[in-house]
Amino acid sequence: MNLTTSADVRHARGQFPAWSVKIVLALLVVIGGTGCGATPPAWFRLNMVEATKQKLTPDQERQVATLMTAMFGTPDDPVALPETGLDEAKLRLAAGPVRSDIVGRKNGLYREHCAHCHGVTGDALGPTAAFLNPYPRDYRPGIYKFKSTERADKPTHADLTRILKNGIPGTSMPSFALLSETQIDALVEYVKYLSIRGETELGLMRAYFELDDDAEGKLPETREFLVGEVLEPVAEKWKAAADALIPVPEMPADIDMVASIAKGRELFYGDKANCVKCHGPTGMGDGQANDYDDWNKTIVEWTKEVVGTDDKQWANRAHRVLDGDSLEPRTIPPRNLRRGIYRGGRRPLDLYYRIHAGINGAPMPAAKGTVPPEDIWHIVNYVRSLPYELDGELGADRPMVARDRF
Amino acid sequence: MASATIGTSSTARSTVNWPCVVAWMLVATTALLLSFGALVTTYDAAMAVPDWPGTFGHNMFLYPLVEWFWGPWDLFLEHGHRLLGATAGLLSLVLAAVTFRRGASPAVRWLVVAAVVLVVVQGALGGLRVILDDKTVAKVHACTGPLFFAVATAIAVLAGRQGRGESSGSTTERSEPVLHDPFVAVGSLSLPLPSWAVGASLPTALAVAAYLQLVAGAQLRHADATLAPSTFRWMVAIHLAGAAAVTVLSALTVIAWQPHESRAARRWSLTILAMVMGQLLLGGGAWLFTWGVPSWLQEAWAPAEAVLARSPRGAAVITGHVILGMMILGAAVVLALEWGGAERLERIARFGRQGRGRSDGTGKPLSGAVALQTRPERGAR
C-alpha cells in the first residue's frame, strides 16, 4: 500500500482523523463545563454585604440563616407568619419552581418572570442583572421609587401592581400586562414577602451590634424578640402604606395652561424647586450627574471603608464579598425630561407624586414643604410640555434643545 | 458471505428511494419537534404536564384531543412536543429498518444507529427533565436535540446521494468540491485562500460552530435563577463570540465556494450567509425583547413604552432565533455532505478501510444506486 499522507496513514490504521477527535473533545468540554451535576434546590442567599459590614462571625451568620428559615421558610416552601399580613396562598402561587398544577394553573411565577433579574432572594443578583442599566431593584432594603405614598413610606399594593402591569419604560423592567389579575396579585404579594424578609434579615444582623456581653454573641431566639421587636415594626410599615397616600389637590379645571407652564418654568429654574440643578438648563439631564442611588451608594461607601481599614483579614473577606455579592456601582444620571419617557408613569398624577415626594432611594428630592401643592401642578405642566417645547423658547440664553443634539 | 445480486424485481421495487424519503420525513418532523421544544422553553412550559411518560394519568397517545387543543397553551406545547418526540422516535425505527434492509452505505448505517441511540437518549432525557424537574437535564436535552437534527439531515443527504449513485467511492463531477487553487476567484477579485479553506472543511467547521452556538444558547435559555451574574456574563460573551465565528465562517464559505461548478452549491452557501445575517438580526431582537434597549443605545432610541413580557411577537423572535440556528446547522450539514464531505465521512465510517460496504464480489464497494438495488437472497447464508 502506498501511503502518501498522514491522513492515509491514519485511515490505514483505522483511526478517525485528528480533527474529528478534537471536535468531539471540545464538545464534551463545553457540555461538561456547563455543569452536569443535578441542579441544586433554590436557596435564599444571606445578605453577605451587611453580614460583613457588621463583622458577623460564621456562627452568627449561621444563626441568622437558621432564624430566617424558621420565620420565612425557603424559596420552594415559603412561610408567612400572621404578623406579616401576607397571604400564604398567594405566596405559594408565586414561589417554588415553575410548574403547572392539576388544573393547569401555573405555579412558580416569581421564578418564571422575575428571578432571572431580581434573583431568587430579591437581592438584584439574578444571572442577567449585570446586563441591565439601571440594575434591577434589590427588594431587601424595602425601598421603592415609584409610588403614591410619601417618600419614607412603603408603596401600596396598587403601586406595585401598576409597575407590574405597565413596566418601567426606559429600563429593562417589562410590562406583565398579559398575566392575569390573580398572577399579578400573587407576584406583588411575593415581592412584599421578599422585602419584609430582607428588612427582617437586616434588622437581625444589625441587632448583634446592640447585644449585651451576657448574650455571648447570640441573638435571643424568642418570639418576643424575633417577631415583636424585629418583624412587626417592618410589617407594620407595609400595612400602613394604604393610609399614607399623598394628598393631591385637584388641578383647577379652568387652569390657563400657558400661564401654568410659564409658572412651572419659573419654578423649574428658581431656587425653591431648583430642578435645573440636576436636570440641567436644557432639561436633558445635563446638570449634576455624579451621584449614586441608595443601593449603589451602599457599595461605594462600604468600598471606601474597606480600602481605608487596617484590618487586613476583614478587608480580604470584604473584597471577596464585594466581588461575589455585588455589582460594579454605577452613577444615576438625572432624567432627560425632553424624551417623554417617564419611568414612574406618564400620568400627570404620577409626575405630581414624583415632584411632591421625590424619589425614594434616588437623589431626586421632595418638593413637599418648599413648593406649595398647587404650584407642583405648574411644574408638572411645564415638565410635560418639555418634549414639545419649540426651539428658542427655553432659558435666558437659549440653551440647547433636543433637536440641537441629534 | 451473503451473495448480492441485482434482480429485476428488486429494481422495480426500488424506484422510490425509501431511506431518503423516510429520512427527510424525519428531518421535517424533527424540525417541528425542535420548534415546539423551543416554544416550550420560551414559555417555560416544560412542567405543564407533571407526569411522564403519561399525560395527566392518560396514555400519552390517548390523551383527549379536545383537552390538548383547548386546554392551557403550556399544555398544548408540552404535550405536542411529546407527541412529536414519539413520532420522531417511531420514524427513526422505520428509517433503521428501511436503511438496513436496503443495504445502505456504512456511513448511513452508522448514522442511523446514532440516530436511534440519540432519539432514545433524548426521550429519556425529556422524561427525566420532567420527573426530576432538573435544569441541568433540560440543558443536556436542549443540546441533544440539534445533534439529532444534524444526524437526521446527514442521513437524508447521504441516502439521497446513494440513491442517485453518488455514494462512497464514486468520484463524480458533482461531488468534486471546489477548485483546489490557492487563488480563488470571487467575481473580479482573486483572494488567496489556504488549502484547508477549500472543500468540505469550511462547511464542516461551520456546522460544528453552529452546533456549539446552539449549545451555548441552550445554556443561556436554561440558565438557573441562582446562577451568578459574572458566570452569566461569560456565557453571553461566549455566545456573542460564537456568533462572530459563525458569521466569519459562513462568509469564508461563500468566498471559498464561489468558483464551485455547481450553481446550487454556490447558491446554498449564499443562502447560509443570508440565514446567518437573519440570525444576527433575530439575536438582536431577542436581546431587545428580553432585556429592553441597551443603555448605550438609549440615547439614540428608546421606546416610550416598556417591553411587553411574553408577547406573541417577542416569543416569535426569541423562538425564531433558536429555530433559525437549527436551520443554519442543517444547511451547513447539507452543504458539507452534498457537495464535498460525503466521501470523507464514508472513509471515516469504514475506519479508513476499503471494501467493507456491500460488495458485488469483486472486492470493490458498490456504488450507491447498485447497493440500493441489491438484496441478499433469502436463505443465501
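Summary table below
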item: For A:VAL79, distant residues with modelled amide H under 5 Å away; result: A:GLY73, A:THR74
item: Charge dipole of the range A:67-226 about the Cα centre (unit charges at C-beta), most positive-ward option of A:ASN107, A:THR74, A:LEU179; result: A:LEU179
item: The range B:192-349 - Kirkwood radius from inverse mean 1/r over Cα pairs (Å); result: 17.2 Å
item: Approximate shape of the range A:250-338 as ellipsoid semi-axes (Cα gyration tensor, √5λ), whole Å, largest first; result: 44, 12, 11
item: Number of partner chain Cβ atoms within 10 Å, mean per residue of B:134-142; result: 3
item: Amide H partners (placed H, <5 Å) of A:ASN107, local residues excluded; result: A:ARG99, A:SER100, A:ASP101
item: Test item: Cα-centred dipole of the range A:224-333, Lys/Arg +1 and Asp/Glu -1 on Cβ, debye; result: 380 debye
item: Summed residue charge, Cβ within 13 Å of B:VAL94's Cβ, Lys/Arg positive, Asp/Glu negative; result: +2
item: Relative contact order, percent, chain A [alpha-carbon distance under 8 Å, six or more residues apart]; result: 16 percent
item: Contour minus Cα-Cα distance for A:LYS272 and A:GLU224 (0.36 nm per residue); result: 12.6 nm
item: Listed residue (A:LEU349, A:ALA366, A:GLY170) projecting farthest to the positive dipole end of chain A, Cβ model; result: A:GLY170
item: Charge tally in the Cβ shell below 12 Å around A:GLU305, where Lys, Arg are +1 and Asp, Glu are -1, A:GLU305 excluded; result: 0
item: Helix-derived mean residue ellipticity, 222 nm - over chain A, DSSP H n ≥ 4, -39500 (n - 2.57), to 500; result: -13500 deg cm²/dmol
item: Rounded to whole Hz, the Karplus (6.51, -1.76, 1.60) HN-Hα couplings of the range B:124-130, x for glycine and proline; result: 5, 5, x, x, 5, 4, 7
item: Calculated on alpha-carbon atoms, Rg and Dmax of the range A:48-243 in Å; result: 17.2, 56
item: Peptide-level mean, for A:163-175, of C-beta atoms on other protein chains within 10 Å; result: 5
item: Extension gain, A:ILE255 back to A:ASN290 (0.36 nm per residue minus Cα-Cα distance, nm); result: 8.8 nm
item: D_trans [Stokes-Einstein, Kirkwood Rh over alpha-carbon pairs] for chain A, 37 °C, 0.692 mPa s, µm² s⁻¹; result: 133 µm²/s
item: Scattering curve values for the range A:290-395, log₁₀ I(q)/I(0), Debye with Cα scatterers, q = 0.12, 0.18, 0.24 Å⁻¹; result: -0.59, -0.91, -1.29
item: Karplus-derived 3J(HN,Hα), 6.51/-1.76/1.60, for each residue of the range A:166-178, Hz, glycine and proline x; result: 8, x, 10, x, x, 10, 8, 6, x, 8, 9, 4, 7
item: Hz values of 3J(HN,Hα) by residue in the range B:77-84 - Karplus curve (6.51, -1.76, 1.60), Gly and Pro given as x; result: 5, 5, 5, x, 4, 5, 5, 5
item: Cα-Cα pairs of the range A:184-274 separated by more than 21 Å (percent); result: 60 percent
item: Exercise: per-residue mean of other protein chain Cβ atoms within 10 Å, B:39-47; result: 3
item: Translational D in µm²/s for the range A:120-230 (Stokes-Einstein at 25 °C, 0.890 mPa s, Kirkwood Rh from C-alpha pairs); result: 153 µm²/s
item: Label-point gap, in nm, between A:LEU211 and A:GLU374 - each point 7 angstrom along Cα→Cβ; result: 5.8 nm
item: For B:PHE56, distant residues with modelled amide H under 5 Å away; result: B:ASP51
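Each reported figure results from applying straightforward, stated rules to the coordinates on display, with no laboratory input. If you're wondering where the values come from, they're calculated on a predicted model, not measured in any experiment. Note that we place each Cβ from the backbone using ideal geometry, even for glycine, and neighbour counts take in every protein chain shown.
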